[in-house]
1. Condition first: hydroxyl-bearing (Ser, Thr, Tyr) and either buried (at least 22 other Cβ atoms within 10 Å of the Cβ) or more than 9 Å from chain A (Cβ to nearest Cβ) (or both). Now tell me which residues in segment B:158-193 satisfy that.
2. Return the pairs, sorted by first residue and then second, in which the second residue is among the aromatic types (Phe, Trp, Tyr), the first residue lies in segment A:270-281 and is facing chain B (nearest Cβ under 8 Å), the beta carbons are less than 6 Å apart, and the residues are 6+ apart or on different chains.
3. When you scan segment B:58-88, how many residues do you find that are touching a residue at least 24 places away in the same chain (Cβ under 8 Å) and within 26 Å of B:Gly304 (Cβ to Cβ)?
4. Out of B:Leu296, B:Leu252, B:Leu305, I need the residue that is out of contact with any Lys or Arg (no Cβ under 8 Å at 6 or more places or on another chain), buried (at least 23 other Cβ atoms within 10 Å of the Cβ) and either at pLDDT 90 or above or of a type in the set (Asp, Glu) (or both). Which one?
5. If I ask for residues that are free of Cβ contacts under 8 Å to residues at least 12 places away in the same chain, assigned to a helix (DSSP H, G or I) and of a type in the set (Asp, Glu), which ones from segment B:193-227 would you list?
6. When you scan segment A:136-174, how many residues do you find that are among the β-branched types (Val, Ile, Thr), assigned to a helix (DSSP H, G or I) and either exposed (fewer than 15 other Cβ atoms within 10 Å of the Cβ) or over 22 Å from the mean Cα position of the chain (by Cα) (or both)?
7. Taking segment B:271-289, which residues are more than 9 Å from every other protein chain (Cβ to nearest Cβ) and among the hydroxyl-bearing types (Ser, Thr, Tyr)?
Amino acid sequence: MINYVLRRVLVAVPMLLGAMSIVFFAMRVLPGDPCVAMMGDQATTEALADCTKNLGLNRPLAVQYVDYLWRSVQFDFGNSLRQGYPVSEYISRMFPHTLVLVLAAAVVAALVGVPIGIFSALNRRNPLIDYPLRIFALLGLSMPVFWLGILLLIVFSLRLDLFPLIGGGDLDGAIAMIRSGEVFTQPRDFLAAVADVLHHLALPALALGFTLAATVSRLSRSAMLEVISQDYIRTARAKGHHERAVVYKHALRNMMVPLLTIIGLFVAIALTGTVLTETVFTRPGLGKMLVDAIGARDYPLAQGAITVFTVIIITVNLVVDMLYAVVDPRITYR
Amino acid sequence: MAIQPIRGGSLSEAEVTTAPRVAWPAPAERSESPLVQGLRRLRRSGTALVGVVIVVLLVTVAIFADVLAPQSPIASDQAHTFARPSWDHPLGTDQLGRDMLSRVIHGTRISLLVGVSSVLLALFVGVPFGMIAGFYGGRVDTLIMRVMDLILAFPIYLLAIILMVMFTPTAGLIGTMKVTGAIAIVRIPIYARLVRGSVLSIKEKEYVEACRALGVRDPWILFRHVLPNCLAPIIVTTTLGIATSIIVEATLSFLGLGTQPPTPSWGWDLKANISFIQANAWLSLFPGLAIFVTVLGFNLFGDGLRDALDPRLK
C-alpha cells in the first residue's frame, strides 16, 4: 500500500514538472515584452533595461526556469504587471470564490446527475424512461455553459429580477468574520453575508451544475450498468433480496470505485467550467482572473492562475488514485 | 562463392494475394462487413436520424451561406443599430447594425470548418502515433504515451486557452488555422490512446500472426489488417469529437481567443453582445442556440453511430 502511494507520487512529480514547464515556456514565447506591457510604449530605453533587470528577464532562460520552479514551490509567482501586487495574494483572494462555485455546482450536478444516471440504468429496458433520460443527458452535453448562463441571466435576473446580474457576494466579509471569531459574537451579520453569497451563487451554480449533471448522469449510468451485471448482484437477487436492498446495499456500495473516477474527472471539468461561468456572471474567481490577465497581457498573473489550476487537477487525480486502494481492497498494485 | 542468406517467407506481398490456388469452397454469397451491418442498424435509430438531418442541414447552410443569408454578415448599417426582430431583420441587428440572421448563417461555416478540420488533423496525427505505440510497445510506447499523458494532464479548455495565448489569435485564414491547430493538439491524445488500446488486442489475433508468418511487412499489416479492425471506435469518437471541437471553438471565440472579427463566429457574437444583455437580450439568444443545435446534432449522430457500430460500448 505504502509502496503504491509512493509510486503514484513519484509518477505525479514529473507530470507536475512537465505541466509547469509547458506553462513556463508558453509564457516565454509570447510576443511582446512584459516591460513594454507594464510601462507603455513611451518608456525610455534605460527604464526598460532597468525593468528587465528588476524582473530578472536578462538572465539565461535556464536560470529563469529553475528560479520559476523554485519560487512556485514557495507559492511565489512574482507580481502582477498591472497592479503590482503579488500574484499569490490575488490567488488566495480569488480561490475561495472559485472553490465555493465548484462545490455548489458539484452539489447541483450530484443531486441531478446521479439519481438520473442510476434510474436510467435500472430502467434501461423500459424505453419510456431510459430514452428521455438519455436525451436529457445529450441536451446537457450539448449546452455550452456560457449560453445556459446567459439564458438564466435573461430569465431570472433581467425579467424576473430575482437574482443579481453580476458579482460574487460578500464572501470576503464572511471569511473575515470566521477568522476574527465574529461568527459567534455577531451571528446575524454572518448569516446575512452567507445569504448574500448564496444569492449571488445560485445562478452560476445552476448553470455550471446542470451542464456537469449531464456528464455525471452518463458516467453514473454506465457505472451502475457495470455493477448491476456482476455475479454478486445475481446472487443477491437469487437469495430473494428485495430489489431495493439489492440496489442500495450491494450495487451502490460497489459503485464507489467508478464514482471516484467520476470525481477526478469532475474536478477537472468543473474547474475549467468556472473560467466560463465566472466570465458570464462577472463573478470574481480564478477563472475570471485568468481571462482578465490574458486580456491585459499580465503574464505573471496568468502564469500563476494556470499553475494553480494544473496543480489542483493533478493533485486531485493523485488523491483519487490513492483512494481507489482504500475503497476497493481487491485492487492490486504492482 | 557468396553464401546466399537464408530467407524466411519466399512470398512477397503481391504474390500473397494471388497465390492460393487451392480448391477453396467459395462462399455462396458475399457476407456483409460489420460496417455495413452497423450502418443498417443506424438507419433504424430515430435519434441518430435526427442527428443526421441536423448535420446535413447545417452542412447545406454552410455551403450555401451566401445564397441563404439575406444580407452581408459584415456590412454595418449605422442607421439601424440594435433593431428589434422584424421582417427586414428576422433576428434583429447588433450594435453595428449588422443583420444577426446573416451572421448566424455565416457563422455555420467557421464552426463546421474548424470543428471538422481540427478533428481530422488530430486523427491524422493521433492514429499513427497510437498504432506505433500499441504495435511496437517497449520504449517507443512509453515515450509516446508519456507525452500524451502530459497533454491529457491539462483539461482541454485550459490547454486550448494556453495554446491560443501562445499562438496569439489573428483574423483571417491564418487565424482560423491557429484555432484549428490548437484544438487538434488538445485532441490528439484521445485518438492515440483509443487506437493504442485497440491495437494492443488486435496484434495478438491469429490473422496478424498469420501475416507475420507470411513475411508481410509491418506497415502493410498495420494499415491493411490492424487499422480496419479498430475503425468502429475511431468513427464514433470522431463524430462525437466534432461536437467537442465545435464547443471548444465557440468557447475560445467567446473568450476572445478564437476566431477574430470580421469573420462571423457564434462564440464571438455571444461575447460581443453579452455587454448589451440588459437592453437587447435577444441578441444573445441566437448565436448560442446555433452552437447548441450544432453540437446536439453531432452528439445525436455520434451516439446513434456508437449504438450501431459497437454494441459493447452502449
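The values are calculated or read from the model by the stated rules, or taken from the named source; none is laboratory data. Note that the coordinates shown come from a computational prediction; the quantities given were computed from them, not determined experimentally. Don't worry about glycine lacking a Cβ; one is built from the backbone with ideal geometry, like all the others, and counts go over all protein chains shown.
1. Our first condition is that a residue be hydroxyl-bearing (Ser, Thr, Tyr); within segment B:158-193, this holds for B:168, B:170, B:176, B:180, B:191.
Answer for segment B:158-193, where residues must be hydroxyl-bearing (Ser, Thr, Tyr) and either buried (at least 22 other Cβ atoms within 10 Å of the Cβ) or more than 9 Å from chain A (Cβ to nearest Cβ) (or both): B:Thr170, B:Thr176, B:Thr180, B:Tyr191.
2. So the pair list comes out as A:Leu271/A:Phe309; A:Thr272/B:Tyr157; A:Leu276/A:Phe146; A:Val280/A:Phe146.
3. 4
4. Working: B:Leu296 fails: buried (at least 23 other Cβ atoms within 10 Å of the Cβ); B:Leu305 fails: either at pLDDT 90 or above or of a type in the set (Asp, Glu) (or both).
Exactly one of B:Leu296, B:Leu252, B:Leu305 is out of contact with any Lys or Arg (no Cβ under 8 Å at 6 or more places or on another chain), buried (at least 23 other Cβ atoms within 10 Å of the Cβ) and either at pLDDT 90 or above or of a type in the set (Asp, Glu) (or both), namely B:Leu252.
5. Of everything in segment B:193-227, those that are free of Cβ contacts under 8 Å to residues at least 12 places away in the same chain, assigned to a helix (DSSP H, G or I) and of a type in the set (Asp, Glu) turn out to be B:Glu206, B:Glu209.
6. 2
7. The answer is B:Ser275, and nothing else.
Condition check ((1) within 14 Å of another protein chain (Cβ to nearest Cβ); (2) part of a helix (DSSP H, G or I); (3) over 16 Å from the mean Cα position of the chain (by Cα); (4) buried (at least 17 other Cβ atoms within 10 Å of the Cβ)) across all residues:
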site: B:Ser76; (1), (2), (3), (4): no, no, yes, no
site: B:Ala83; (1), (2), (3), (4): no, no, yes, yes
site: B:Pro90; (1), (2), (3), (4): no, no, yes, no
site: B:Leu101; (1), (2), (3), (4): no, yes, yes, yes
site: B:Leu121; (1), (2), (3), (4): no, yes, no, yes
site: B:Phe135; (1), (2), (3), (4): no, yes, yes, yes
site: B:Arg139; (1), (2), (3), (4): no, yes, yes, no
